[in-house]
1. Answer with yes or no whether ILE175 is in contact with a strand residue (DSSP E or B) (Cβ under 9 Å, 6 or more places away or on another chain) and more than 29 Å from ARG314 (Cα to Cα).
2. Any idea how many residues of region 55-80 are assigned to a helix (DSSP H, G or I) and either of a type in the set (A, V, I, L, M, F, W, C) or surrounded by 17 or more Cβ atoms within 10 Å (Cβ to Cβ) (or both)?
3. Quick one: which of LYS145, LYS111, LYS140, LYS101 is within 22 Å of the chain's Cα centre (by Cα), within 18 Å of LYS163 (Cβ to Cβ) and not acidic (Asp, Glu)?
4. Can you say whether PHE7 is under 24 Å from the mean Cα position of the chain (by Cα), assigned to a helix (DSSP H, G or I) and in the same structural domain as SER119 (by TED's automatic domain parsing), as far as the supplied structure shows?
5. If a residue has to be out of contact with any His (no Cβ under 7 Å at 6 or more places or on another chain), over 19 Å from ARG27 (Cβ atoms) and surrounded by fewer than 17 Cβ atoms within 10 Å (Cβ to Cβ) to count, how many in region 143-167 make the cut?
6. Is it the case that region 128-151 has a residue that's free of Cβ contacts under 8 Å to residues at least 24 places away in the same chain and either in the same structural domain as ALA365 (by TED's automatic domain parsing) or among the small types (Gly, Ala, Ser) (or both)?
7. So which residues in region 283-321 are in a helix (DSSP H, G or I) and either more than 30 Å from ASP188 (Cα to Cα) or modelled with pLDDT under 90 (or both)?
8. If PHE47 passes every condition in (1) hydrophobic (A, V, I, L, M, F, W, C); (2) buried (at least 19 other Cβ atoms within 10 Å of the Cβ); (3) not in a helix (DSSP H, G or I) but one, which one does it miss?
Amino acid sequence: MQLRYAFRLYPDSGQRRALAKAFGCARVVFNDAVRAREDARAAGEAFPTAGQLSRALITEAKRTAERSWLGEVSAVVLQQSLRDVEKAYRNFFASLKGTRKGPKVGAPRLKSRKDNRQSIRFTANARWHLTGSGRLNLPKIGEVKVKWSRTLPATPTSVTVVKDAAGRYFASFVIDTDPAADATRMPDTDRSIGIDLGLTHFAVLSTGEKIDSPRFLRRAEKKLKKAQRELSRKQKGSRNLAKARLKVARAHAKVTDARREFHHQLSTRLISENQGIAVEDLSVAGLARTKLAKSVHDAGWSSFIGMLKYKAARYGRTLVSIGRFTPTSQTCSTCGAVDGPKPLNVREWTCAACGAVHDRDHNAAINVKTAAGLAVSACGAPVRPGVTPAQREETGSHGFPTGNRAA
């Protein structure tokens with residue numbers, strides 16, 4: 001399985017200028033490729049091939065006065081920008097044909113130098129490497145300081161340098177994980193659980209454990225409102241406007257980082273303690289169009305379930321997703337009687353059939369586990385077909401030392 005490990009970078013002033021130049025050159029090549037394809041489409045001609053675009057937009061463009069500065073950055077960065085265009089068009093056409101899963105995507109659009117997120121990618125043939133002192137040596141940029149947060153489990157195959165909206169730099173390494181090593185890290189267990197996700201509590205487990213919702217956005221709302229008001233009062237085009245925008249972006253970045261860290265810690269704990277996990281297939285997009293939209297986005301259920309998916313596949317766990325229309329909150333987990341829908345303010349109810357008193361969320365978590373059909377064999381392995389495939393996600397954070405060195 002391929003995963004990404006992200007680490008914070010701290011480039012000096014010269015390296016920041018070199019990175020800005022690389023970001024700009026990659027953006028220009030991307031835009032030139034999009035224009036070339038759109039011009040061919042408008043003229044009714046065949047799309048230029050990747051080789052033709054590479055010769056025209058990189059090799060020959062470097063010899064012109066208008067694009068001579070493309071030679072000041074690594075050629076691999078420019079080639080990878082063309083690959084991004086190819087991938088964007090493939091996704092667009094696959095979406096039109098209906099062969100691509102997920103929501104439909106539009107045609108590639110031109111990038112702006114004012115985009116909040118900028119990135120460049122270096123593959124193995126770019127000759128980047130990690131130095132003996134733990135710095136990341138990038139071609140035509142230099143040795144950049146890295147804040148290691150963990151040891152890389154293997155030699156990376158590529159690295160993407162990202163500058164986010166808050167002005168922070170990150171190195172995202174692609175790693176091929178070792179299944180045998182992953183199996184030793186997470187030994188089999190005979191436990192399984194059902195999870196009921198909510199807003200009052202972030203998650204209620206079938207064991208009865210209730211995990212409070214941190215509400216990161218709600219807690220930071222006062223500070224965010226103040227920063228946003230200051231931004232709205234700045235003169236357009238001024239330096240103070242840029243400073244205020246950066247202040248807002250950093251405030252949002254803190255909320256995002258805290259939420260992601262919470263999701264990672266909780267998902268890792270649940271995966272390590274349980275062989276089988278059952279969750280509901282929630283319609284997050286639908287709930288985000290209701291009056292609960294802000295709280296739904298603040299909880300970040302989709303991100304959390306995504307982490308459970310790829311971690312379950314990586315460590316040999318079983319993750320089962322039950323249908324969103326399963327009446328988990330209406331069914332008595334003791335006798336199985338369906339007691340009908342209940343308003344959200346009803347947090348505890350008594351079954352009319354057997355008289356059992358239920359906590360709404362705990363009862364729903366038990367029903368989620370039951371509906372998933374999680375059973376355990378004598379050897380401790382879950383008997384359930386169809387393991388959910390993993391997603392490739394950012395698995396890195398920042399802040400811990402490491403002794404890893406890769407060439």
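The values are calculated or read from the model by the stated rules, or taken from the named source; none is laboratory data. As the structure is a prediction and not an experimental result, all values here were calculated from the model. So basically every Cβ, Gly included, is an ideal-geometry build from the backbone, and we count neighbours across all protein chains shown.
1. no
2. Qualifying residue count for the region: 12.
3. Among LYS145, LYS111, LYS140, LYS101, only LYS111 is within 22 Å of the chain's Cα centre (by Cα), within 18 Å of LYS163 (Cβ to Cβ) and not acidic (Asp, Glu).
4. Against the criterion (under 24 Å from the mean Cα position of the chain (by Cα), assigned to a helix (DSSP H, G or I) and in the same structural domain as SER119 (by TED's automatic domain parsing)), PHE7 does not qualify.
5. Total meeting the criteria: 7.
6. Within region 128-151 (the criterion being free of Cβ contacts under 8 Å to residues at least 24 places away in the same chain and either in the same structural domain as ALA365 (by TED's automatic domain parsing) or among the small types (Gly, Ala, Ser) (or both)), the answer is yes, since at least one residue qualifies.
7. Correct list: VAL284, ALA285, GLY286, LEU287, ALA293, LYS294, SER295, VAL296, HIS297, ASP298.
8. So PHE47 meets the others, but not (2).
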